[in-house]
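As structure tokens, the structure follows; a few thoughts come after it.
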Amino acid sequence: MNDAMGMPQSAVVVGGTSDIARAVLRSLVARRLRRIVLIGRDEIGLAMAARELQALGAQQVDVLTFDVTDFARADAVVRDASTRLGQVDMILVATGVLGDQPRDELDPEAVARVLSTNSTGPAAVLSAFAVVLRQQGHGRIIVLSSVAGVRVRRANYLYGASKAGLDAFAQGLGEALRDSGASLMIVRPGWVATRMTKGRDPAPFATTREAVAADVIAGMERSSAVVWSPGSLRLVFAMLRLLPRGLWRRLPG
Ligand SMILES: NC(=O)c1ccc[n+]([C@@H]2O[C@H](COP(=O)([O-])OP(=O)(O)OC[C@H]3O[C@@H](n4cnc5c(N)ncnc54)[C@H](OP(=O)(O)O)[C@@H]3O)[C@@H](O)[C@H]2O)c1
């Protein structure tokens, strides 16, 4: 169960090697998070993340290998993770690939891979967790979306479309969970310096994984439905959404 401050004591992370997810976990372990299941496809990377969290004070960190595009296994993996924790206070979904837009858009298989990794796979996993949280009558889901899905750009429309799909799914699931005792928070970061963006030029309003983690914790404390990171992007995108298409095309980045 959550502690007296409403912070989780148990959590499952899908995409357990994600730089942003690990920053969020470090902040939560520094509070009261003690039992964690890390789910992902890279066993060695997951083991390293687990060791780091244990060194910081986590008592139990289990690792489950799972490729999020393996939809047929989603239900079993979610059940396994939930059984290990007994009660799941928090689920963080952090899987994602940026892809290589110029190359991927010419390859239907690559298009499907980006969309299934960023959108369909997470949606399947989220649906399975929603069943668990409804049964428990509590728990918070956190979904790492992106501003890239708020208004999709030609330069990265595969990633943008996949995030738009995930964001819309999460909005609907959040509504579906109302009155269940469980809740869902969508996080929309801008450009974050992580493994995903390594070697790429920072976009305006670029931020760090630690700053995103701080925004996530603040959103949890406020029970927010949507968190923008940095927060200024909320206003920026309120305006960008309304920008005429011709001007939108000419924006750099
Ligand atoms: N960095 C940014 O600028 C930014 C901005 C907005 C939103 N986001 C979102 O934030 C989330 C975390 O990103 P990050 O910046 O922390 O990047 P990251 O460190 O590259 O994390 C991405 C995670 O997705 C996992 N993953 C990729 N494909 C997978 C698959 N098929 N099955 C299971 N796991 C898979 C990776 O696992 P492996 O270790 O196996 O590769 C890794 O754990 C993503 O959803 C991303 O879209 C990032």
Given (1) surrounded by 20 or more Cβ atoms within 10 Å (Cβ to Cβ); (2) at positive phi, index of the condition Ser82 fails: (2)
Which of the strands (runs of 3 or more DSSP E) contained wholly in region 1-70 include at least 1 residues that are within 8 Å of the ligand (Cβ to nearest atom)? 10-14, 35-40
Note on Asp167: of the conditions (1) farther than 27 Å from Thr120 by Cβ; (2) charged (D, E, K, R); (3) touching a Gly at 6+ places or on another chain (Cβ under 6 Å), unmet is (1)
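Here is a list: Ala50, Ala74. Which entry is more than 20 Å from Val132 (Cα to Cα) and more than 15 Å from the chain's Cα centre (by Cα)?
That would be Ala50, the only listed residue that is more than 20 Å from Val132 (Cα to Cα) and more than 15 Å from the chain's Cα centre (by Cα).
From Leu144, Leu133, which residue is within 14 Å of the ligand (Cβ to nearest atom) and in contact with a strand residue (DSSP E or B) (Cβ under 9 Å, 6 or more places away or on another chain)?
On the way: Leu133 fails: within 14 Å of the ligand (Cβ to nearest atom).
That would be Leu144, the only listed residue that is within 14 Å of the ligand (Cβ to nearest atom) and in contact with a strand residue (DSSP E or B) (Cβ under 9 Å, 6 or more places away or on another chain).
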Of the numbered conditions (1) closer than 17 Å to Ser229 by Cα; (2) crowded, with 20+ Cβ neighbours inside 10 Å; (3) touching a Pro at 6+ places or on another chain (Cβ under 8 Å), Thr95 fails exactly one; give the number of that condition. (1)
Filter region 1-50 for residues that are at pLDDT 95 or above, within 23 Å of Glu221 (Cα to Cα), hydrophobic (A, V, I, L, M, F, W, C) and surrounded by fewer than 23 Cβ atoms within 10 Å (Cβ to Cβ) and give the result. Ala23, Val29, Ala30
Residue that is farthest from the ligand (Cβ to nearest atom), among those in region 175-192 that are without any contact (Cβ under 8 Å) to a residue 60 or more places away in the chain and of a type in the set (Val, Ile, Thr): Ile186
Return the only residue of Gly160, Gly172, Gly165, Gly149 being over 18 Å from Arg113 (Cα atoms) and either of a type outside the set (Asp, Glu) or touching a residue at least 24 places away in the same chain (Cβ under 8 Å) (or both). Gly172
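Out of region 173-192, which residues are buried (at least 18 other Cβ atoms within 10 Å of the Cβ) and among the hydrophobic types (A, V, I, L, M, F, W, C)?
Taking region 173-192 and keeping what is buried (at least 18 other Cβ atoms within 10 Å of the Cβ), we get 173-174, 177, 182-192.
Correct list: Leu173, Leu177, Ala182, Leu184, Met185, Ile186, Val187, Trp191, Val192.
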So for region 193-208 (the condition being over 18 Å from Thr95 (Cβ atoms), in contact with a helix residue (DSSP H, G or I) (Cβ under 7 Å, 6 or more places away or on another chain) and away from the ligand (no atom under 15 Å from the Cβ)), does at least one residue qualify? no
Tell me which residues, restricted to region 106-122, are away from the ligand (no atom under 14 Å from the Cβ) and buried (at least 16 other Cβ atoms within 10 Å of the Cβ). Val111
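The values are calculated or read from the model by the stated rules, or taken from the named source; none is laboratory data. Please read these numbers as outputs of a predicted model, since none were measured by experiment. Please note: Cβ atoms are built from the backbone with ideal geometry, for glycine as well, and neighbour counts cover all protein chains shown.
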